[in-house]
């Protein structure tokens, strides 16, 4: 019992530190919930709940950058609400065994995005700069792409921030503060509406999720004070190593 509590708090703590510095904390918190016996779908819903406080505080921190784009915010919020509740609904309709088989692939997808997200964003920025005068069809495709990103976020939270940044690069955004603010706004809105559905369905493991949440908040607070002393590349290398190892473990565990 105490070992489980310690594991969950430690996972939340390191997940909070990682999220504050490099992103990718779900690679730590989601497997930890599975390891202590939380069923896969409930672990995914609980991880969304535990991560949401960080998204909300981050969004607040970027409020001035978001205010400069207030005309665009209703579109982001509306699509995030629709996509988030759709993805959460799809998750709750998925049989536990089917979702568990999908976990290694979802983790692999998120890991690859984490590793190559920077290169992808650079390529998309170049593409966007060459096509700034997109047609109406292109604008519609961008809206559908954002909806797809939000559906993914409601279904599986890990990697949502990276995918959202890639979308923003494709949509022509290039100010990093604006992009981070919009990323966190999308993540917050998707998570909040998904959590509301998870609560209604009873999918959240409140005890385990609360311990992870406390750890996440503590880790984020500590990271705010020590982040300048920790080179981001070291944290990123740790996340890549951890996520690759965890993904390999789940492939072996499910298909081995």
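Please work out if residue 234 is more than 18 Å from the chain's Cα centre (by Cα), modelled with pLDDT of 80 or more and surrounded by fewer than 17 Cβ atoms within 10 Å (Cβ to Cβ). Explain how you work it out, then say what you get.
Values: more than 18 Å from the chain's Cα centre (by Cα): yes; modelled with pLDDT of 80 or more: no; surrounded by fewer than 17 Cβ atoms within 10 Å (Cβ to Cβ): yes.
For residue 234, the condition - more than 18 Å from the chain's Cα centre (by Cα), modelled with pLDDT of 80 or more and surrounded by fewer than 17 Cβ atoms within 10 Å (Cβ to Cβ) - is not met.
Please pick out the residue among 123, 128, 134 that is under 23 Å from residue 77 (Cβ atoms), part of a helix (DSSP H, G or I), at pLDDT below 80 and over 16 Å from the mean Cα position of the chain (by Cα).
128
Just the residues that are under 25 Å from residue 202 (Cα atoms) and free of Cβ contacts under 8 Å to residues at least 12 places away in the same chain, please, taken from region 83-123. If you could, list the steps in order and put the result at the bottom.
Keep residues of region 83-123 that are under 25 Å from residue 202 (Cα atoms), which gives 83-104, 106-107.
Scanning region 83-123 gives 93, 95, 97, 98, 102.
It is to be established whether one or more residues within region 97-120 are more than 30 Å from residue 256 (Cβ to Cβ), touching a helix residue (DSSP H, G or I) at 6+ places or on another chain (Cβ under 6 Å), part of a helix (DSSP H, G or I) and modelled with pLDDT under 85.
Initial filter on region 97-120 (more than 30 Å from residue 256 (Cβ to Cβ)): 118-120.
With the extra rule that they be touching a helix residue (DSSP H, G or I) at 6+ places or on another chain (Cβ under 6 Å), the set shrinks to 120.
From the residues that got through so far, the ones that are part of a helix (DSSP H, G or I) too are 120.
If we keep only those that are modelled with pLDDT under 85 too, we end up with 120.
Yes.
Could you check, for region 16-34, whether at least one of its residues is in contact with a helix residue (DSSP H, G or I) (Cβ under 9 Å, 6 or more places away or on another chain), surrounded by fewer than 17 Cβ atoms within 10 Å (Cβ to Cβ) and assigned to a helix (DSSP H, G or I)?
No, region 16-34 has no match at all.
For (1) under 27 Å from residue 64 (Cα atoms); (2) part of a helix (DSSP H, G or I); (3) under 18 Å from the mean Cα position of the chain (by Cα), each residue gets a yes or a no:
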site	(1), (2), (3)
162	yes, yes, yes
179	yes, yes, yes
183	yes, yes, yes
186	yes, yes, yes
191	yes, yes, yes
204	no, no, yes
252	no, yes, no
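Please find, among 57, 80, the residue that is surrounded by fewer than 19 Cβ atoms within 10 Å (Cβ to Cβ), under 28 Å from residue 219 (Cβ atoms) and either touching a helix residue (DSSP H, G or I) at 6+ places or on another chain (Cβ under 7 Å) or touching a residue at least 12 places away in the same chain (Cβ under 8 Å) (or both). Quick ask: steps written out before the conclusion?
Numbers: 80 fails: surrounded by fewer than 19 Cβ atoms within 10 Å (Cβ to Cβ).
So the residue among 57, 80 that is surrounded by fewer than 19 Cβ atoms within 10 Å (Cβ to Cβ), under 28 Å from residue 219 (Cβ atoms) and either touching a helix residue (DSSP H, G or I) at 6+ places or on another chain (Cβ under 7 Å) or touching a residue at least 12 places away in the same chain (Cβ under 8 Å) (or both) is 57.
The values are calculated or read from the model by the stated rules, or taken from the named source; none is laboratory data. Values in this document were obtained by computation on a predicted structure and should not be read as measured data. Neighbour counts run over all protein chains shown; Cβ positions are idealised from the backbone, glycine included.
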